[in-house]
1. Cβ-Cβ below 8 Å, separation at least six or inter-chain, first residue in the stretch B:457-473 and among the basic types (Lys, Arg), second surrounded by fewer than 24 Cβ atoms within 10 Å (Cβ to Cβ) and in a loop (DSSP other than H, G, I, E, B): which pairs?
2. Considering only residues that are in a loop (DSSP other than H, G, I, E, B) and crowded, with 22+ Cβ neighbours inside 10 Å, which ones fall in the stretch B:671-690?
3. Please work out which residue is farthest from B:Gly663 (Cα to Cα), limiting yourself to the stretch B:105-135 and to residues that are within 14 Å of chain C (Cβ to nearest Cβ) and under 33 Å from the mean Cα position of the chain (by Cα).
4. Residue by residue through the stretch B:542-559, note down the ones that are basic (Lys, Arg) and either at positive phi or in contact (Cβ under 8 Å) with a residue 40 or more places away in the chain (or both).
5. With respect to B:Gly265, is the statement that it is assigned by TED's automatic domain parsing to the domain that holds B:Tyr253 and surrounded by fewer than 24 Cβ atoms within 10 Å (Cβ to Cβ) true?
6. Considering only the stretch C:109-140, state which residues are assigned to a helix (DSSP H, G or I), crowded, with 24+ Cβ neighbours inside 10 Å and in contact (Cβ under 8 Å) with a residue 40 or more places away in the chain.
7. Please enumerate the residues belonging to the stretch B:708-722 that are crowded, with 24+ Cβ neighbours inside 10 Å and farther than 16 Å from B:Asn360 by Cα.
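The values are calculated or read from the model by the stated rules, or taken from the named source; none is laboratory data. This is a predicted model, so every value here is computed, not measured. As a convention, Cβ positions derive from the backbone with ideal geometry for all residues, glycine included, and neighbour counts pool all protein chains shown.
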Amino acid sequence: MRTFAYERPVSLADAVALLDSHGPSTRLLAGGTDLIIRLRDGSARPGMVIDVKRIPELCPEIRERDGVLTIGATTVMADLAANGLVRRHFEALAEAASVVGSVQIRNRATIAGNICNASPAADTAPPLLVYGAVVVAAGPHGSRRIPISEFFVRSGLTSLEPNELVVAIELPVPASLTGAVHLRRTRRRGHDLASVTLCCSVNEAGVTRLAYGSVGPKPVLEQDETHVLANPSAPDDAKQVVLERMFAEASPSKRSMRASPEYRMAMLRLLGSRAMRTAIERLAEKRGAQA
Amino acid sequence: MSASSIGSSPNRVGGIGRVSGLQEYVADVRLAGVLEAKLVTLDCARAKIISIDTSEAEQVPGVRLVMTAADLPQPMPRFGPQLEDRPVIAVDETKYHGEPVAIVAADTKDAAEEGARLVHVEYEELPAVFTLAAALDPDAPLVQDPSLRPKDPLASTNVLREHHVDWGDIEAAHADVVVENTYSFPIVTHFAIEPHAFIAAPDDNGIAVWSSIQHPYWLQRILAKLLDLPLSKVRVLAPDPGGAFGGKQHAKYEPLVAFAAIRAGRPVRLVLSLEQTFQAVRRAATEIRVRTGFTIDGKLAFQDIKADYLIGAYCDIADRVVGKGSYPGAGPYNVPAVRIFARSILSHTTPSTAFRGFGNPQVNWAVESNIDEGARVLGIDRLEIRLRNLARKGDPFIPFDTPADGDWEQTLRRAAEMIEWGKPLAPGHGRGIALGIKSGPTTGLSYSTVRLLADGSVAIYAGTSDMGQGARTIFAQIAAEELGAPLDAIRVVMGDTAIVPYDQQTSASRSTVLMGNSVLKACSSIQAQIRTMAARLHGIDESAITVERGVVRLPGRELRLMEVLKPGLGKLGGELIGNGETRKDGDADHPLGGAAAFFELNCTAVEAEVDEGTGDISIVRHVTVSDVGTAINRLQVQMQDEGAAIMGLGHTLMEHFIYDETGRIRNLGAIDYRIPTTMDLPLEMRSETIENADGPGPYGAKGMSEGALLCVAAATAAAVREATGVAIRDLPLTPERVWRALRERGGRANAGTNDDGES
Amino acid sequence: MSGVIKTLPIEITVNGRRRTLEVAVHHTLLDVLREDLELTGTKECCLVGECGACTVMVDGRIVDSCLMLAVEADGAEILTVEGLARDGHLNPLQQAFLDKGAVQCGFCTPGQLMAAQALLVENPHPNVAEVQEGLAGNLCRCGCYYQIFEAVLSVAEAGSR
């Protein structure tokens, strides 16, 4: 691994100042589970690595206030998966966090890192999209809030400016009962990169949201405004039409060695159907529990 | 007298070091003044080297040596266990992705890495052949310089060698049904968790070389020849390998590191990255065409097998793998007519080498699968057809080899029982059963020395490598049995050619039998000396005395061994020394150069469930039964069989190298080369042994540890076939491959439009 | 030259012993444990966080030490395989690994032990599925996974007696 300058700012202002003055030659280090691989293989060659884990504003913390769950940028997957609030309100996010890598990886990989790498296969992206997350970013001109649906640009690129960093992720607690699930396809049952990663939610109002990744340059979010998918009495044919429309954005790479485009598309459809069914079941369970 | 340790499961000798972190592997060896080395490689499969500029690298502070082909003797020294075709370092041309063109040694790894980055190589990428079809194309570039193979009529092709095994008359054989299919087995890699590591140091006018190697004495011979040194001046130290599986049998970069150390005048260490290890060792991909003839009552009429093995750019031991791996291809059956034609095909890929199963799993996959096909055509149960053809003990099933050396029907029947063959299956489930056989060693030479020390403790010197199979423990158990020393008072010294007597090699599941017998003989020699002592001390005839498990029996009385040893050794103390030798000479007229010392026979049976939506295979139950003669250490036998079974599931379900269109390995590294984790195991694994004490090893033991891998693929694919109706003839059975096969089958597989497959 | 190697002082506690070190900023915790501290029980294999051979505990949680810079560990408490035994006695997991045959070549064993240790601290009575999940990040190519499960479960059982 090539050497670099290492900075460990202890305030957000210092971090932003470093980013602002060194910009493109820097790399932010959160969990490091991706960055350190890239430092070693030479695909990342920063002049400076900025370790953000000692910035108080980014600290690993999950708190709920006024119907919004705020997740500190450096919250690791293991904590996300185990957190009671996340599991209660955002079960699919907890599920996604629990399948990222091994225990060792989940103890290091952060929520901000997972989305800032902008890997199309990022497992937390589909649930964050489905749950309407907002990315809180800080830069030289203060902070701004970016809807997650505007965050991913393409593989490896987000809408963050070079001098901005993610401080936290906000998740609005669903106003109505919601059933949701995260599913993925991998080449083996043990930890693996997803060849399809998908999240589906259904709420009491009959709105189905579906987000999927690893089948194109960025994760995609779709919403069924017709309420057909959530309608138990709607005919299967009608549901298929809606689902097909939702998958129109998928364009899996032909170059990938992990799965062929045909297989990914077939699995996207299969997981979509399975996820929808599970989401509806979970919604019904919650209704039952409330009744 | 203590209870016999044979057949029990005492803790692993060397285990405490392994659980405490103190076990020293090559990368852990502390050595003053050692330079750390890095390789310079090109990111292409084949290239013409135009020039190498080392000047910038040499300027890096801390860099002590930059060595290329230009710094080595001319012509470039070449080596190899079969053919001396591998250059110490690439000269003029690289022939596989990752072949080194320079080595940089420096005070620190950082400096070596920096230096390696700054070696500038001007090269021209050349077209590479990395598939069987491309290598066999008449217009294909030749992988080997024909001048390396003078007088060889095949020298102008990429066929390195052809192997023929024939008996009976195929053309005249009467068959009612003939089934012909082609099967493929991919390139897989060993993935020992310890990446290969080497150290060389100038030593006493010679050289000392540390390597995580299975055959230290073979390496010693190769180094002595390359460096023109007497054997006594080449000291090979072989710390226990952290997994080897055949990949660490033969010299790879030891000669390069040795030349570097001599040139630097200092010790040099090279630890490969896992990626470089993947580029250093792998199993041969194989395409097997099988034509099987059956009579109407399910008897095998003939087997006509053609197997093309895709070996690499240099021979290594690959051609022996082809010859020995295809040889028992017709299986443990009485087949009246057999024709096996196997070829070693060179390619611009990593030299393929020995890998657990040694070329047998490939042919087994095809032949066992084809027997199932025949059974289906004939409407005969797949277990039944095997029973009808299986060789019974003593049958000359390979006419010019050792007759069937076990009650193999017992093995087959036990596995069938354990998988509940014939019982109704849940929907989406299927069963498969297959037999695997492999020839044990055809030649061998193992010396050992056992020292019975003055206090009754024991030191054993045996040149086997303990790479996890547990050879130390076996030898200690033998000495404990024969000399009565408690296991924790036995030291087993291995891995140093300057101290330990010669052993030919650690391979072919030989060590329990060959070195085990050698240790047994060394112990017998000590027992004889004890008898002589007792006779002298007590004034009786030696023939009236027996020694067993630390007890000396004289007429009418028993003495503890110490009661003889102590007075026998007298005031000066000292020790008794026994030497053992096991020799299995070859037979020049035999197709393999010698008959099998024993056969490894295994039956694997699998129950699998297939998710027709995704193509996922779940192994519900995996049964593996091996005929081991006698299990000297029950737990170690179980671990070896289950470990082999899991490794077999790796190549069956997920492992394969993927190449790009220019011949580079795309899934180079642990992220995309998938092997089984804790989550990928059969829901239930059951392993058992058949023990009739009918092996040639100590206490009736046979060699084992490869058997349980041999037929995993065939058994699994057969289960998938029963579950789904689709026959898949290419490995691995990835979910996508199964899904595709289901889609082609049509019918129930309709992934996507609706959910399915979950019963 | 890509530049002079930058170093920083760090203070870490390794196996109960406080250490003050000057480390290269680009060296991983694995590098520093193995080379600077000569604690070679922690093994190097894949360097991409897939195999788990380099697993150590940092502030009570297991990590792949190949994917953590040593400077990131500044102030942390680290436990490696060398810290498992106490007063010359193997800890119960180490003993169980020996007794149950959970060790073959031994190269993955230190990582397996650390992962198992962390699992039992967090979940003293895991079922098989939880053991499988907890150890999924530790590859064993010798394939003694079932024996490893048995070893971990036997310690859990002994703990509940």
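1. B:Arg472/B:Val13; B:Arg472/B:Gly14
2. B:Tyr673, B:Arg674, B:Ile675, B:Pro676, B:Thr677, B:Leu681, B:Pro682, listed by residue number.
3. Of everything passing the filter in the stretch B:105-135, B:Lys109 is farthest from B:Gly663 (Cα to Cα).
4. Residue satisfying the conditions is B:Arg549 alone.
5. Yes: the conditions hold for B:Gly265.
6. Matches in the stretch C:109-140: C:Pro110, C:Gly111, C:Gln112, C:Met114, C:Ala115.
7. The answer is B:Thr716, B:Ala717, B:Ala718, B:Ala719, B:Val720.
Residues checked against (1) within 8 Å of another protein chain (Cβ to nearest Cβ); (2) of a type in the set (D, E, K, R); (3) out of contact with any Gly (no Cβ under 9 Å at 6 or more places or on another chain); (4) not in a strand (DSSP E or B):
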site: C:Ile5; (1), (2), (3), (4): yes, no, yes, yes
site: C:Thr20; (1), (2), (3), (4): no, no, yes, no
site: C:Thr42; (1), (2), (3), (4): yes, no, no, yes
site: C:Val48; (1), (2), (3), (4): yes, no, no, yes
